[in-house]
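Structure first, commentary second.
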Amino acid sequence: MSYDGKVLRRAAARYDEDKQRREELFRARQRECYAKSPRIEEIDRELSHTMAKIIASGFRRGADPRSAIEALKEENLALQAERGELLVGLGYPADCLEPKPNCPKCGDTGWRGSEMCECLKSYYVREQNAELSRMLDLAGQSFETFNFDFYSREQEYGQNMSPYARMEKNYDACRDFAYEFSPRSGNLLLSGAPGLGKTFLSASIARVVSDARHSVVYDTASHIFSRFEAQKFDRGDEDESADEDVARFLKCDLLIVDDLGTEMMTSFVQSALYQIVNTRLMTNRKTIVSTNLNPAELGQRYGAAILSRLEGEYRILPFFGEDIRKLKRN
């Protein structure tokens, strides 16, 4: 999995905040127990110094430290047993002053070697979903809440099936893509007029893929291209953030580009789109492109090289029918 640096920093910050909060609660409970029984504080002080004293003594005598360690174990066990009895007598669990990590797999570091632990991954997913929710309605737009009722069952002129039948196929394709997402997945091109469910299904995919611990970035084409432009031409304080944004677009596990074709067309936009499409294909990273243009119009706008890659490497899902937003208003 490729992690989004911005999201990971926020996730790590939340992780550390919760870790510090647990440590503060532990210290507060410790102070409370010490106030009720000073002997408990004495025991903890003895436990913290016993090992250093016994091992140091063993080495000073030139003796084998193993016997000192065995003596240490016995002494510590006796002290722990006494502390447990005192705590139970005060109404606390016997082990309530034993420092225990919230995650025994990583010891609350968030990492197991070079791999991110599942505990930190859960924070990453929450922060990523919060980031996605800035532009998508992840709470309301899901495969479970998709409504086919607004799609006509009547076959339209020039189409080989009804909007309803077409949307059933699009829905199944998007759902399979989301739940079976992996490095072996393909890419999707959602093509059709506004108000037909492209963004809804994009949000549904983003939610499922994100929950499965993959990095997902969703953004409009116009904003994506503006960040590429900032990286290339800006020389101010924004340079560093533009570099990071471009890296996010190129390296995330799934990039969802919305509203391709609504941006102002320039030769730079054409070049940036080629870089995005080609780089992500070459590095086997998956992309969903949503556009109001059909493939022929995409070719006219962005050129044959880009159209060839879209038609050859993307599964094209056409959307047609009446604007759902208008139908809902009516």
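For this structure, a couple of remarks:
- Total residues in the range 101-141 satisfying the condition of being assigned to a loop (DSSP other than H, G, I, E, B), out of contact with any Pro (no Cβ under 8 Å at 6 or more places or on another chain) and surrounded by fewer than 16 Cβ atoms within 10 Å (Cβ to Cβ): the figure is 11.
- From the options Gly186, Gly91, Gly107, Gly84, residue that is of a type in the set (Gly, Ala, Ser), in contact with an Asp or Glu (Cβ under 9 Å, 6 or more places away or on another chain) and farther than 28 Å from Ile288 by Cα: Gly84
- Lone qualifier among Glu85, Glu98, Glu156 - being open to solvent by 30 Å² or more (accessible area, probe 1.4 Å) and modelled with pLDDT of 90 or more: Glu85
- Unmet criterion (only one of (1) within 31 Å of the chain's Cα centre (by Cα); (2) modelled with pLDDT of 90 or more) for Leu136: (2)
- Hey, Asp253 acidic (Asp, Glu), touching a residue at least 60 places away in the same chain (Cβ under 8 Å) and open to solvent by 10 Å² or more (accessible area, probe 1.4 Å) or not: yes
- Close pairs from the range 284-300: first over 15 Å from Glu313 (Cα atoms), partner assigned to a loop (DSSP other than H, G, I, E, B), Cβ under 7 Å, at least 6 apart: Thr291/Gly261; Asn292/Ala193; Asn292/Pro194; Asn292/Gly261; Leu293/Gly261
- Residue count, the range 150-167 (criterion: within 23 Å of Asn330 (Cα to Cα), hydroxyl-bearing (Ser, Thr, Tyr) and assigned to a loop (DSSP other than H, G, I, E, B)): 3
- Where helices (runs of 4 or more DSSP H) fall entirely within the range 261-330, those with at least 1 residues that are closer than 30 Å to Ala165 by Cβ and polar (S, T, N, Q) are at 295-302, 304-313.
- When the range 165-189 is filtered for residues that are under 19 Å from Leu327 (Cβ atoms) and touching a residue at least 24 places away in the same chain (Cβ under 8 Å), the ones remaining, listed by number, are Arg166, Met167, Asn170, Tyr171.
The values are calculated or read from the model by the stated rules, or taken from the named source; none is laboratory data. Since we're looking at a predicted model, the values are computed, not measured. Every residue, glycine as well, gets a Cβ built from its backbone with ideal geometry; the counts of neighbours run over all protein chains shown. In case anyone asks, the SASA skips ligands and DNA or RNA and just uses the protein heavy atoms, side chains included. Shrake-Rupley method; radii C 1.70, N 1.55, O 1.52, S 1.80 Å.
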